[in-house]
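So the structure is just underneath, and the comments pick up after that.
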Amino acid sequence: MQRFTYPAIFHTAKDGISIEFPDLPGCLPCAHSLQEAKKNAAEALTVHLSGMIKDGDPIPEPSPVEAIKLGPGETVHLINTIF
């Protein structure tokens, strides 16, 4: 089993939460609630990393949380996956 933890930026707006993984371009889930956002982020992280591993792409090192710049309405969450 492999365990991965990546920071995700949750941007909260009136119409929901958009999620961005700064280290994983193209991994962009969304949700309507914080609980759903955490679940969707974990699922998206698993699928994205699985695809990278399957394709033989290098897996980037996660950025330190303190290095992530946040804008208005944004929070950072650490998202874990094991597979």
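Okay, here's what the table says:
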| item | result |
| --- | --- |
| Accessible area of THR12 in the full protein assembly, 1.4 Å probe (Å², nearest 10) | 80 Å² |
| Cα centre as origin, Lys/Arg/Asp/Glu Cβ charges: the chain dipole, Debye | 200 debye |
| Matching label, mean projected area of the Cα convex hull in nm² computed from the structure shown, candidates [x] 5.8; [y] 6.8; [z] 5.3 | [z] |
| Hypothetical label at LYS39: residues of region 52-83 whose amide nitrogen lies under 20 Å (7 Å Cα-Cβ projection) | 77-83 |
| Relative contact order computed over the chain (Cα-Cα under 8 Å; 6+ residues apart), in percent | 44 percent |
| Per residue value of the accessible surface for the chain (all protein chains in place, 1.4 Å probe), Å² | 63 Å² |
| Inter-label distance for THR12 and ASP55, nm, one decimal - labels placed 7 Å from Cα along Cα-to-Cβ | 3.3 nm |
| Carbon/sulfur fraction of accessible area - the chain, other protein chains in place, 1.4 Å, % | 58 percent |
| Cα→Cβ-extended label distance, 7 Å offset, between MET1 and LEU28, nm | 3.3 nm |
| Whichever lysines have a C-alpha closer than 18 Å to that of LYS38, once near sequence neighbours (fewer than 8 apart) are set aside | LYS14 |
| Acute angle (nearest 10 degrees) that the helix 34-55 long axis makes with the longest principal axis of the chain, alpha-carbon atoms | 30 degrees |
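The values are calculated or read from the model by the stated rules, or taken from the named source; none is laboratory data. Computed from a prediction, not measured in an experiment: that's the story for all the values here. Note that each Cβ is placed from the backbone with ideal geometry, even for glycine, and that neighbours are counted across all protein chains shown. Ligands, DNA and RNA are excluded from the accessible area calculation, which covers all protein heavy atoms including side chains. Shrake-Rupley method; radii C 1.70, N 1.55, O 1.52, S 1.80 Å.
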